[in-house]
Amino acid sequence: MKYLLSNANLFINQQFHKTDLLIENGLVCDLSENLTPAPNTIVFNLNNKFIFPGFVDVHVHLREPGFFYKESILSGTLAAAHGGFTAVMSMPNLNPVPDCVANLKVQLDLIEQNAVTKVFPYASISKDQAGLFLSDMEKLSDYVLAFSDDGRGVQSDDLMLQAMHKAKKLNKVICAHCEDNSLLNGGYIHDGQYAKLHQHKGICSESEWGQIKRDLKLAKETGCAYHVCHISTKESVELVREAKAAGVDVTCETAPHYLVFNDMDLKDDGCFKMNPPIRSEEDRLALIEGLKDGTIDMIATDHAPHSAEEKSKGLRQSLMGIVGLETAFAITYTNLVKTGILNLPQLINLLSINPASRFNINQPLEIGQPANLTVFDLDNPYVIDPGEFLSKGKSTPFASKSVYGKCLLTIAMGKIAWQDSNLNNLKT
């Protein structure tokens, strides 16, 4: 199959170029202006729409195997494509937990059968994610890019030290969900002003940054490549900033909801409940400064779908987690780029270039390489409607928000993974 994407603004080598892009047999074949289509070529006249390298989300819960009712490999990767993502890294809180090759292969088989984007699964750090013994890291390393116990912090200093030594030897990344269980005290939202006003139990910031501080010390000691998941506090930003200055091999991510909301925006609705929680305005502003100065390397969604019933029980009783793949670009573009906080190249680096580089996910938009790209309309506003999501999960705090940045087309591994019906109007 041949595709010609004509009259586009293509982001390549940190700049935008007015060009056409030709794909043949799944590969990028030409990047030139005014290309003439050969017979049997499907042509999309993009009318100055934008082509970006496919986004890469390093923090996604696909829920399969084990929790098919929440999400599946198919629905999750369709949601990813709908949001412009061509590669996702899937977290290991599954059944069975990918703590050995046999368990991981259950997931790998489902990916092979059903994924419409690239999926790179994490293996767990510990057996059954119980935090007591290491997983079979050596054998698993042939199949994964990184190890994580996401959903749970590794409570044992000694086990994390062992994991980092092993990961260093295997040249893999340790990705840490940082949460000190001894400091949670039954909390379920940020321990801030909203919690006090409405008599909710709060989660203190130290439960996150205290474990980051420990891990950064261990990462410095071992030389391990270390990545911090979903940072949410000002202290976390400063700790990572200081560690980078000291030469520690550390990267980190934050998520769109931490950049847009503070705890006074909360409502007693499950769509505002996630872990870590939405924190104070001071924390939100610190995260934005971290993006601007390069302390925070990437934006990830922590896409965590649950059933409608599981998210219907308010802040106290709903399960932790919201969906994010289908809103990530629109929310960050509208709230960070349209407002002048970041420029568009910075946002593309945060969503695509930086995560791909950190985890060695090779998907450059270059001649001879497989086509992994996404097309966006940046000009026309629309309203976020969870009913249009392809994810099984619909719980989002961004419902009914008016945004800019609509995904029209995603090509992953050389194949169309998502196409907006309105794009038919551009086909010639």
*asked:* All but one of (1) surrounded by fewer than 17 Cβ atoms within 10 Å (Cβ to Cβ); (2) over 23 Å from the mean Cα position of the chain (by Cα) hold for Lys166; state the number of the condition that does not hold.
replied: (1)
*Counting only residues that are assigned to a helix (DSSP H, G or I), of a type in the set (Gly, Ala, Ser), surrounded by fewer than 24 Cβ atoms within 10 Å (Cβ to Cβ) and at negative phi, how many does region 302-358 have?*
2
*Scan region 359-366 and give yes if some residue there is assigned to a loop (DSSP other than H, G, I, E, B), touching a Lys or Arg at 6+ places or on another chain (Cβ under 8 Å), more than 21 Å from Val56 (Cβ to Cβ) and open to solvent by 10 Å² or more (accessible area, probe 1.4 Å), otherwise no.*
no
*asked:* List the residue pairs whose Cβ atoms are under 6 Å apart, where the first residue sits in region 327-340 and is small (Gly, Ala, Ser), the second is in a helix (DSSP H, G or I) and open to solvent by less than 30 Å² (accessible area, probe 1.4 Å), and the two are 6 or more positions apart or on different chains.
replied: Ala328/Pro256
*Please work out if Gly270 is modelled with pLDDT of 95 or more and out of contact with any helix residue (DSSP H, G or I) (no Cβ under 6 Å at 6 or more places or on another chain).*
yes
*Across region 36-75, which residue is nearest to Lys18 (Cα to Cα) among those that are open to solvent by less than 30 Å² (accessible area, probe 1.4 Å) and charged (D, E, K, R)?*
Asp57
*Give me the pairs: first residue in region 243-259 and closer than 14 Å to Lys213 by Cα and assigned to a helix (DSSP H, G or I), second residue at pLDDT 95 or above and open to solvent by less than 60 Å² (accessible area, probe 1.4 Å), beta-carbon distance under 6 Å, and six or more apart or on different chains, which are they?*
Ala243/Leu216; Ala243/Val250
*Residue among Asn114, Asn95, Asn171 that is out of contact with any Phe, Trp or Tyr (no Cβ under 9 Å at 6 or more places or on another chain), of a type outside the set (Asp, Glu), more than 30 Å from Lys406 (Cα to Cα) and open to solvent by 10 Å² or more (accessible area, probe 1.4 Å)*: Asn171
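The values are calculated or read from the model by the stated rules, or taken from the named source; none is laboratory data. As the structure is a prediction and not an experimental result, all values here were calculated from the model. Cβ sites come from the backbone with ideal geometry, for glycine too, and all protein chains shown count toward neighbours. Keep in mind that these areas ignore ligands, DNA and RNA; they rest on the heavy atoms of the full protein, side chains included. Shrake-Rupley method; radii C 1.70, N 1.55, O 1.52, S 1.80 Å.
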